[in-house]
Amino acid sequence: MSITLVIIICTVLISFMAFNRFEMTQQLVFWPYEVKRGRQWHRFITSGFIHSGYLHLFFNMYVLYIFGVIVENAFTNTMLFGDFGRISFLIMYLLGIVVSELPSYFKHKDNVYYRSLGASGAVAAVLFSLILIDPLFPIGFLFVPGISFPAVILGIGYLWYSWYMDKKQVDNIGHSAHFYGALFGFAFTLALKPSLMLSFIGRIQSQLPF
């Protein structure tokens, strides 16, 4: 069984269990104030396995399933080979949760009211790992069949949107987690195989009209 599928199964099961258990959610949610006060470091990881609702869970797991399998296969068969690749993929995913939450921790560690949850930061890490591996990979939209764009184009738009919305702070979505999770996934994959940068640049240049 793939690591991607194991992560999805665990996330779905834990999320479903927490939906109707307020106390469980409070024990697992990312709560910087409690992390600092009670040294509850587990929240950096556990918060990535619970979600705010069925739609939140569906979109995160759908994106992870579509792109996680591709990235895991690249780690296992093309980049790193074998079990080391699988372990590296799992490490990237888990660290993606942690790294994406670090800015929120430092910003809100004295704010008793701030909480966040969800796998979005880790999913963004997986998506941007794919962008480094294959920047021209066609990505479409779930409800708009027949239309797709190169992954790198959507990636640039995703980063800009996440940065812009984080600055505006007009909703309760953790846009900073999306932004930093994405950057981490790109950097982690590049650190594993630095030669990917040359192929990344080369593939983009091959599509330029000059």
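Each reported figure results from applying straightforward, stated rules to the coordinates on display, with no laboratory input. Just so you know, these numbers come straight off a predicted model, no measurement behind them. We place every Cβ from the backbone using ideal geometry, glycine too, and count neighbours over all the protein chains shown.
What the table shows:
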item: Proxy reagent accessibility, fewest Cβ within 10 Å first, across Glu23, Glu34; result: Glu23, Glu34
item: Degrees, to the nearest 10: 54-73 long Cα axis against longest axis of the chain; result: 40
item: Net lengthening on full extension, Ile156/Ser206 (0.36 nm per residue, minus Cα-Cα); result: 16.2 nm
item: Pairwise Lys count, the chain - Cα closer than 20 Å, eight or more residues apart or different chains; result: 5
item: Helix axis angle, 82-108 relative to the chain longest principal axis, alpha carbon, degrees; result: 50
item: Three-way shape label, the stretch 1-101, alpha-carbon gyration tensor, a/c 1.5; result: oblate
item: Sparse-neighbour loop sites [chymotrypsin sites (Phe, Trp or Tyr not before Pro); the stretch 88-144; at most 16 other C-beta within 10 Å; DSSP]; result: Tyr113, Tyr114, Phe143
item: Degrees between helix 3-19 axis and first principal axis of the chain (Cα, 0 to 90, nearest 10); result: 30
item: Potential lengthening between Ile9 and Trp41 on full extension [0.36 nm per residue; Cα-Cα distance subtracted]; result: 9.2 nm
item: Separation of the Leu136 and Lys193 label points, Cα + 7 Å toward Cβ, nm; result: 1.7
item: Under-5 Å amide H pairs with Gly118, H placed in peptide plane, nonlocal only; result: Gly48, Phe49, Ile50
item: Stretch gain in nm, segment Leu94-Phe58, where the contour uses 0.36 nm per residue and the Cα spacing is subtracted; result: 11.1 nm
item: Trypsin sites (Lys or Arg not before Pro) restricted to DSSP loop in the stretch 1-68 with at most 13 other C-beta within 10 Å; result: Arg21, Arg39
